[in-house]
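The values are calculated or read from the model by the stated rules, or taken from the named source; none is laboratory data. Predicted model, so just to flag it, every value in this text is computed and none were measured. We place every Cβ from the backbone using ideal geometry, glycine too, and count neighbours over all the protein chains shown.
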Amino acid sequence: MDSLFYVMAIMGCGDGSMACQQARVEQVQYRSIAQCQAAMPAALARNSDIDYPVVSASCRATGARLAQAKTARPQNG
């Protein structure tokens, strides 16, 4: 069985949530997007020390199935 899980990226953004950049990735792996999203408030509180006016978070899928899909794409050329 292929494993697919979600990780949470902590994003630092300029004023008005513009020009966001990934500042950190939480080490926790979540089994569903819902679990990841539910953990956002606590993760944002833990990561409030980054030097950006606005701190946000984003859940991203990762794992073996996603890696296989990326390598299976045909090459343009």
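Of all residues in segment 46-68, those satisfying the criterion of being in a strand (DSSP E or B) and at pLDDT 90 or above are VAL54, VAL55, SER56, ALA57, SER58, CYS59, ARG60, ALA61, THR62. Being β-branched (Val, Ile, Thr) and either modelled with pLDDT of 95 or more or not in a strand (DSSP E or B) (or both) is true of THR71. Does GLY16 meet the test of being surrounded by fewer than 11 Cβ atoms within 10 Å (Cβ to Cβ) and modelled with pLDDT under 95? Criteria met by GLY16. The set of residues in segment 13-45 being under 12 Å from the mean Cα position of the chain (by Cα) and either in a strand (DSSP E or B) or more than 11 Å from ALA57 (Cα to Cα) (or both) consists of GLN21, GLN22, ALA23, ARG24, VAL25, GLN27, VAL28, GLN29, TYR30, ILE33.
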